[in-house]
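Please read the structure below before turning to the comments.
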4 protein chains.
Amino acid sequence: MSYQYALIVGTGSGLSASLARAFAKAGMGIALAARSTDKLSQLAQETGAKTYSCDATQCAQVEKLFAALDAAACAPDVVVYNASYRARGALIELDPAEVEKSIAVSAFGGFLVAQAAVRRMLPRAHGAILFTGASASVKGYAQSAPFAMAKFALRGLAQSMARELSSQGIHVAHFVIDGGIRGARRSEPPDKPDSLLDPAAIAASYLHVLQQPRSAWTSEIELRPWVEKF
Amino acid sequence: MSYQYALIVGTGSGLSASLARAFAKAGMGIALAARSTDKLSQLAQETGAKTYSCDATQCAQVEKLFAALDAAACAPDVVVYNASYRARGALIELDPAEVEKSIAVSAFGGFLVAQAAVRRMLPRAHGAILFTGASASVKGYAQSAPFAMAKFALRGLAQSMARELSSQGIHVAHFVIDGGIRGARRSEPPDKPDSLLDPAAIAASYLHVLQQPRSAWTSEIELRPWVEKF
Amino acid sequence: MSYQYALIVGTGSGLSASLARAFAKAGMGIALAARSTDKLSQLAQETGAKTYSCDATQCAQVEKLFAALDAAACAPDVVVYNASYRARGALIELDPAEVEKSIAVSAFGGFLVAQAAVRRMLPRAHGAILFTGASASVKGYAQSAPFAMAKFALRGLAQSMARELSSQGIHVAHFVIDGGIRGARRSEPPDKPDSLLDPAAIAASYLHVLQQPRSAWTSEIELRPWVEKF
Amino acid sequence: MSYQYALIVGTGSGLSASLARAFAKAGMGIALAARSTDKLSQLAQETGAKTYSCDATQCAQVEKLFAALDAAACAPDVVVYNASYRARGALIELDPAEVEKSIAVSAFGGFLVAQAAVRRMLPRAHGAILFTGASASVKGYAQSAPFAMAKFALRGLAQSMARELSSQGIHVAHFVIDGGIRGARRSEPPDKPDSLLDPAAIAASYLHVLQQPRSAWTSEIELRPWVEKF
């Protein structure tokens with residue numbers, strides 16, 4: 001594994017915890033950033049992670065986060081952008097502020113974090129930026145315009161960055177997570193085993209992408225439960 | 001032509017002028033909305049259009065625009081969202097405010113306008129929303145992350161709306177304009193005739209989509225100069 | 001309309017009849033080619049079409065067809081490839097001969113016809129080749145591997161031809177017909193009006209694509225009933 | 001690794017050799033099938049593979065291959081379809097027989113092999129079918145219609161099979177190999193290191209996909225050299 005230090009942004013979900021565990025087990029140092037770090041202490045202890053409070057939609061807070069990482073000599077060479085916010089509902093009933101928040105959290109924050117990270121990666125021509133997408137990244141669903149806008153935007157960012165930065169040594173990959181993720185508050189019915197994605201299994205695919213040599217980099221990969229309709 | 005009144009938002013470009021002319025010729029009333037209406041007087045005179053000053057990224061201004069259309073008994077049954085703003089540059093050099101503006105003008109404004117329009121269309125189960133996309137809607141280019149984010153987001157909005165609203169009588173279509181548009185400030189070199197899209201030709205395709213009966217609606221169509229690489 | 005003479009291949013369906021009527025009304029001469037011309041006499045009389053017996057999967061028969069058109073001084077500058085054959089069933093129960101036939105009729109015949117047509121179009125740098133696709137062109141469905149293989153292949157042919165031939169004056173377009181087509185043997189239930197594509201409506205969109213000036217050519221367009229899930 | 005025995009079809013390329021080595025190292029038994037087995041003896045010795053002569057475009061030969069595997073109690077639970085044939089050239093100069101051969105080798109053979117394999121996998125609800133795609137699987141290039149038709153068709157097959165068979169325990173995955181593969185007869189220039197895909201790196205990604213638990217299966221993944229344009 002050529003990577004040393006991973007920053008995972010948006011640590012609320014089970015996926016971030018599984019990523020932290022998988023990356024730590026692979027020998028990487030871990031930083032966890034989230035709006036609130038209250039619930040991260042156990043995970044931090046388990047993985048040796050440092051935790052940072054950061055609202056990724058705020059430019060100043062993202063700069064402060066990276067300044068803190070710089071100061072700790074922990075400039076990440078892996079960044080996973082794993083934050084998202086979903087507003088649902090009929091188009092005519094959507095609150096515009098919720099649409100803005102969906103785009104800000106799920107896409108614009110990804111830009112801010114990626115930009116700060118890439119500034120530090122480019123001088124060494126080394127680094128990886130991994131974006132967590134969803135079914136909505138490639139298919140705009142009814143009653144879900146804000147998430148479609150946000151996740152499409154994040155995919156556009158990932159594609160643009162992959163085209164711009166790959167040849168400068170930065171591996172950019174977009175993961176289309178096409179299904180629900182198993183978690184503390186969400187488990188599958190007994191008659192439908194493995195119908196939700198196991199976050200540890202997702203993390204194993206993120207880790208695989210990090211292990212790819214540069215002659216065969218993945219820029220997009222789908223992950224889907226065996227019984228999921230698509 | 002079953003449509004009566006078209007609102008065209010973002011009238012700066014040659015495309016909006018051509019749309020206004022084509023729609024007026026087809027018998028529709030026209031409203032033109034733009035941040036500044038200074039340069040619209042001649043077009044308004046030519047097409048009989050009313051003009052409205054509106055920053056489509058501002059919810060209150062969009063509401064005011066539609067209130068004015070309501071007051072004039074000109075509720076549009078066709079809306080073309082034709083506004084966009086492009087910031088270019090290497091990812092690490094982009095100004096975050098410019099990224100926000102790209103998304104706001106090119107995508108979020110489209111949501112605000114579409115929402116206000118659809119609220120008026122749904123009770124009559126009749127209306128059409130046309131979104132102007134670009135090459136960047138389906139391919140994220142290097143040095144162009146903000147436009148990729150914005151145009152991908154607009155396509156996500158169009159898809160989500162098409163899935164939600166088609167069966168309620170609202171025709172939603174997304175046009176992938178894959179090339180440069182001929183205009184006052186941009187013409188093709190003599191040795192490359194028709195290498196830029198003629199805005200009148202684009203307008204003819206928008207008009208065709210409006211003429212489609214509901215058994216055969218287009219939700220996405222590409223338009224590209226014959227010599228364009230893709 | 002800059003086109004003079006249209007060859008429509010695969011005239012069994014209601015779509016070909018509607019195309020013949022629309023093209024004839026627009027002033028074009030018409031040739032209809034099908035394996036059996038038995039049922040074409042009324043349509044031929046109505047549209048002034050000539051009819052030709054041709055199995056488009058057989059190279060010699062396609063050559064003979066075009067030789068006959070040459071001899072009649074009717075070299076078509078528009079060709080619509082509208083033949084297809086669908087074999088359904090679970091993968092493990094499919095008859096390989098049926099799979100071959102699906103590919104031969106729906107895709108390979110399209111190549112043979114397009115090649116013969118383009119040979120005659122290129123010297124004049126003028127012509128159009130229109131391919132009829134289906135939902136299966138962009139989404140491979142369960143229990144339908146042969147049609148997925150064939151319609152994907154036809155789309156690959158259309159894309160390759162568009163990239164190769166557009167700049168030589170040949171307009172190549174692929175129509176994704178995403179729904180069932182209304183016909184003599186298939187009509188919609190009374191409670192689902194316009195839930196099948198009206199072939200006359202489809203034909204109107206084919207005609208529109210033929211009317212596009214070369215600065216704004218469509219290479220792909222979707223057509224779908226307003227109530228169709230997608 | 002839950003898989004026991006891998007059949008790799010189309011062993012001419014460096015990719016098949018790398019797959020055989022990677023799978024053997026992971027503990028799987030290996031069968032290699034190709035039209036000619038002459039050049040496979042060293043690889044067979046190295047990996048403990050059995051070799052079989054088989055023209056995958058011929059139904060009878062594919063049946064004979066699987067009967068031989070049955071007789072040897074080596075029914076594969078992994079099949080990689082790695083055969084392809086590419087004919088290039090201007091559309092009007094293509095030999096129809098070469099087009100047919102491209103489709104037969106690159107796509108129809110994939111159907112025959114997959115069908116025979118799945119018949120043996122379904123009773124145990126266990127197995128994996130991996131298809132090797134190319135840039136041409138998702139983009140039809142000029143001067144390359146036969147390969148576009150064939151590789152699009154193979155992708156259609158993979159999608160249809162994934163939708164039909166995943167929930168029955170068969171993992172179907174399509175790999176978009178977007179670049180040239182390094183090999184005995186093809187190496188990169190010294191100033192462009194890693195500009196061709198290392199087949200061992202590709203094989204590592206195939207192996208990873210086989211290791212995925214069924215809650216998070218990949219059905220499509222792109223692999224591309226860091227400096228490749230796309």
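Key figures for this structure:
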item	result
C-alpha center-to-center spacing [region A:184-230, region D:169-230] in angstrom	18 Å
Crossing angle, helix B:59-71 versus chain B [Cα axis fit, 0-90 degrees, rounded to tens]	40 degrees
Label 7 Å beyond Cα on the Cβ vector: D:Pro190 copy-to-copy distances, nm	4.8, 6.9, 8.3
q = 0.12 Å⁻¹, region B:115-230: log10 I(q)/I(0) [Debye, one scatterer per Cα]	-0.50
Residue among D:Thr37, D:Thr11, D:Thr57 with the largest mean-square fluctuation in a Gaussian network model of chain D, springs linking Cα atoms under 10 Å	D:Thr37
Crossing angle, helix A:14-25 versus chain A [Cα axis fit, 0-90 degrees, rounded to tens]	30 degrees
Cα centre as origin, Lys/Arg/Asp/Glu Cβ charges: the protein assembly as shown dipole, Debye	0 debye
Helix-only [θ]222 nm of the protein assembly as shown, DSSP H runs n ≥ 4, -39500 (n - 2.57) each, per residue, nearest 500	-12000 deg cm²/dmol
Where the Cα pairs of region A:46-109 fall when distances are cut into 5 Å bins, in %	4, 14, 19, 21, 14, 10, 8, 5, 3, 1
Loop sites in region A:147-186: trypsin sites (Lys or Arg not before Pro), DSSP, at most 16 other Cβ within 10 Å	A:Arg185
Label geometry 7 Å along the beta-carbon vector: C:Arg88 inter-copy distances in nm	3.2, 4.2, 5.1
Student exercise, region B:124-213 dipole from Lys, Arg, Asp, Glu Cβ charges, in Debye to nearest 20	240 debye
Fluctuation leader among A:Gln143, A:Gln45, A:Gln115 - chain A, Gaussian network, Cα springs under 10 angstrom	A:Gln45
Compactness index (Cα Rg / 2.2 N^0.38 Å), the protein assembly as shown	0.95
Per-residue average of Cβ from other chains inside 10 Å of D:188-195	1
Per-selection metrics, region C:164-230 (Cα): Rg and Dmax in Å	14.7, 48
Unit charges on C-beta of K, R, D, E only; dipole of chain C, Debye	240 debye
Nearest 10 degrees, 0 to 90: helix A:109-121 Cα axis against chain A principal axis	20 degrees
For the pair B and A, total buried accessible area rounded to nearest 100 Å², probe 1.4 Å	3300 Å²
For the A-to-C rotation axis, chain A residue with nearest beta carbon and its distance in angstrom	A:Lys139, 5
For region C:77-204: accessible area per residue (Å², 1.4 Å)	32 Å²
Sparsely packed trypsin sites (Lys or Arg not before Pro) within region A:67-105, loop by DSSP, other Cβ within 10 Å at most 15	A:Arg88
Mean Cα-pair separation over length for region C:122-230, i.e. relative contact order, pairs under 8 Å, 6 or more apart, %	30 percent
Alpha-carbon centroid distance for the pair region D:72-129 / region C:68-90, whole angstrom	28 Å
DSSP-defined antiparallel bridges as percent of all bridges, chain D, nearest 5	5 percent
Farthest positive-ward along region D:56-170 dipole, Cα basis, beta-carbon charges - from D:Phe152, D:Asn82, D:Leu165	D:Leu165
Projected area, mean over directions - region C:21-176, Cα convex hull, nm²	9.7 nm²
Mean separation of Cα contacts under 8 Å (6+ apart) over length of chain A, as relative contact order %	20 percent
Of all accessible heavy-atom area on region D:1-159, the percent that carbon and sulfur account for (1.4 Å)	48 percent
Residue (of B:Pro193, B:Leu210, B:Pro225) at the positive-pole extreme of chain B, dipole from beta-carbon charges	B:Leu210
Inter-copy spacing of B:Gln45 label points, which lie 7 Å from Cα along Cα→Cβ, given in nm from shortest upward	6.0, 7.8, 9.1
Region B:2-42: radius of gyration and largest Cα-Cα distance (Dmax), Å	9.9, 31
Inter-chain Cβ neighbour average for residues B:91-100, partner chain, 10 Å	5
Flagged links, alpha-carbon separation over 27 Å, of A:Lys192/C:Lys101; C:Lys39/D:Lys101; A:Lys151/C:Lys192; A:Lys64/A:Lys101	A:Lys192/C:Lys101; C:Lys39/D:Lys101; A:Lys151/C:Lys192
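The values are calculated or read from the model by the stated rules, or taken from the named source; none is laboratory data. All values derive from a computational prediction rather than experimental measurement. Cβ: placed from backbone, ideal geometry, glycine included. Neighbour counts: every protein chain shown. Side chains are part of the model used for accessible areas, which takes the heavy atoms of the whole protein and leaves out ligands, DNA and RNA. Shrake-Rupley method; radii C 1.70, N 1.55, O 1.52, S 1.80 Å.
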